[in-house]
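The values are calculated or read from the model by the stated rules, or taken from the named source; none is laboratory data. Here the structure is a predicted model, which is why all the values come from computation and not from measurement. Cβ placement follows ideal geometry from the backbone for every residue including glycine, while neighbour counts extend to all protein chains displayed.
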Amino acid sequence: MGKFRILMTLHLPLLVIIVGGCQNVQVENDGSPLAKLIQKMLPEDPTQKRQRLLQNLSSPDADLRREGVLMLGEGEPASWDVTREILALMSKGDTEPQVRAAAVQVHSKLDQSETLSEVLNRAARDRSPLVRRECIEALRDRNDEESMEVLLSLLAHDPEGSLRAEAAVALAHYRYRKAVLGLAAALDDDEFAVLYRSRQSLGKLTGKDFEYDRSEWENWIYSADDPFTLK
């Protein structure tokens, strides 16, 4: 009787657990902290997970939509064909920059197709610096001419000095003469961070250092048979 009184006093939620790999688990949750903790510990049914994903993606709460976008990059949803289409839509059409940035981030990890190129080209022109920063990060290792053109445009025209500097860092991965010329042109930038990062990337690509002298860099680049031969 003593144990019975203690249990009645605690008012714990009723837990009905059918053992067998936790295949069928139900929790009657009365809102107590213990019930919520147990609910989190139990394996989630795939149908419930898909429902939660749908609820998050369609939520008016931007934080939940962002959580939904991140969920698309994990487990089974990452393999769905429709996932890329959803991410492309979210990166373009969501009203909140943190959601668009998350969509760019997840899409770049899952997809290297032409669809991603379109997403990144659009993200590079996004009104939010947060989205453009995510775009630069995604472009860092693509190393193709189309991606180089996007980075060069960001380096030359982005209104945020910090993002122009990040574009200069990303271009250190692009062994193209046009990339080197773009970095040399950036040595006329008004922001010292852009000058410094451009000089660093030029050094990594060429093995040379003409400091911040744009004309000297350009004269050497045009005269060098192979500006990427480290000497």
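Annotations for the structure displayed:
- Of the set (1) free of Cβ contacts under 8 Å to residues at least 24 places away in the same chain; (2) out of contact with any helix residue (DSSP H, G or I) (no Cβ under 6 Å at 6 or more places or on another chain); (3) among the charged types (D, E, K, R), all apply to Glu67 but (2).
- Look at (1) in a helix (DSSP H, G or I); (2) under 23 Å from Ser117 (Cβ atoms) and you find that Arg175 fails only one, number (1).
- Within region 108-125, residues that are assigned by TED's automatic domain parsing to the domain that holds Pro97 and over 19 Å from Gly73 (Cα atoms) have Cβ atoms under 9 Å from residues that are of a type in the set (Ser, Thr, Tyr) and crowded, with 16+ Cβ neighbours inside 10 Å in these pairs: Arg122/Ser91, counting only partners at least 6 apart in sequence or on another chain.
- Flag for Lys49 being modelled with pLDDT under 95 and within 26 Å of Arg164 (Cα to Cα): no
- Scanning region 189-208 for residues that are surrounded by fewer than 22 Cβ atoms within 10 Å (Cβ to Cβ) and either part of a loop (DSSP other than H, G, I, E, B) or in contact with a Lys or Arg (Cβ under 6 Å, 6 or more places away or on another chain) (or both) yields Asp189, Asp190, Glu191, Gly207, Lys208.
- Residue among Glu114, Glu211 that is farther than 27 Å from Glu85 by Cα, surrounded by fewer than 19 Cβ atoms within 10 Å (Cβ to Cβ) and not polar (S, T, N, Q): Glu211
- Leu154 assigned to a helix (DSSP H, G or I) and either of a type in the set (Phe, Trp, Tyr) or closer than 14 Å to Gln200 by Cβ (or both): no
- Residues (farther than 19 Å from Arg214 by Cα and among the hydroxyl-bearing types (Ser, Thr, Tyr)) located in region 130-173: Ser147, Ser162
- Test: residue in region 132-141 that is out of contact with any helix residue (DSSP H, G or I) (no Cβ under 7 Å at 6 or more places or on another chain), under 25 Å from Glu191 (Cβ atoms) and assigned to a helix (DSSP H, G or I): yes
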